[in-house]
1. State which stretch of the chain is the longest one without any exposed GluC sites (Glu not before Pro), exposure meaning a DSSP loop state and at most 13 other Cβ atoms within 10 Å.
2. Using a 1.4 Å probe and ignoring any ligands, DNA or RNA, find the accessible area of His83 and quote it in Å² to the nearest 10.
3. Using the Karplus curve 6.51 cos²θ - 1.76 cosθ + 1.60 with θ = phi - 60°, work out ³J(HN,Hα) for each residue of the stretch 19-25 in order, rounded to whole Hz, and write x for Gly and Pro.
4. Ratio of Rg to Rh for the chain, alpha carbon only, Kirkwood?
5. Compute the FRET efficiency between Leu17 and Arg87 as 1/(1 + (r/R0)^6), taking r as their Cβ-Cβ distance and R0 = 35 Å, and round to the nearest 0.05.
6. Keeping every protein chain in place, order Tyr59, Tyr54 by accessible area at 1.4 Å, biggest value first, i.e. largest first.
7. Quick one: what are the phi-derived ³J(HN,Hα) couplings along the stretch 69-85, Karplus 6.51/-1.76/1.60 with θ = phi - 60°, whole Hz, x for glycine and proline?
8. Taking the Cα centre of the chain as origin, work out the dipole magnitude from +1 charges on Lys and Arg Cβ and -1 charges on Asp and Glu Cβ, in debye rounded to 20.
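The values are calculated or read from the model by the stated rules, or taken from the named source; none is laboratory data. Owing to the predicted nature of the structure, the values given are computational and were not obtained by experimental measurement. Cβ sites come from the backbone with ideal geometry, for glycine too, and all protein chains shown count toward neighbours. Only protein heavy atoms, including side chains, enter the accessible area calculation; ligands, DNA and RNA are left aside. Shrake-Rupley method; radii C 1.70, N 1.55, O 1.52, S 1.80 Å.
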Amino acid sequence: MTWGDLRRRMGGELPRLHPDDQGEVLVLVDLETPADEPLLTALGRSQPVAAFPYGHVRYSLGRKRVVEESRESDWQIEVLRLHQLRRYR
């Protein structure tokens, strides 16, 4: 899902946000996500991992830093874990 998708679903109520502000909103989304669970933020990717604020969210929440070489695979694993976790809740 992209910010544009969210804006449309909210009937245009969501203002356009600076990328820094988008990152802070994503931090708030995952603020209460347990440390042993994948971040919900992983589902919102609409850009290459290098440009996606996923690393910022991880860092802001005190999670282990992911080196650039493994960002894509780390993200894919997080998405798979999240789908599996949510499927059985």
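1. The reported range is 33-89.
2. Result for His83: roughly 90 Å² accessible.
3. My calculation for the stretch 19-25 gives x, 5, 5, 4, x, 5, 4 Hz in order.
4. Answer for the chain: 0.96.
5. According to the calculation, E is roughly 0.70.
6. In descending accessible area the options line up as Tyr59, Tyr54.
7. Each residue of the stretch 69-85 in turn: 5, 10, 4, 4, 5, 4, 4, 4, 5, 4, 5, 4, 4, 5, 4, 5, 4 Hz.
8. That gives the chain a dipole magnitude of about 300 debye.
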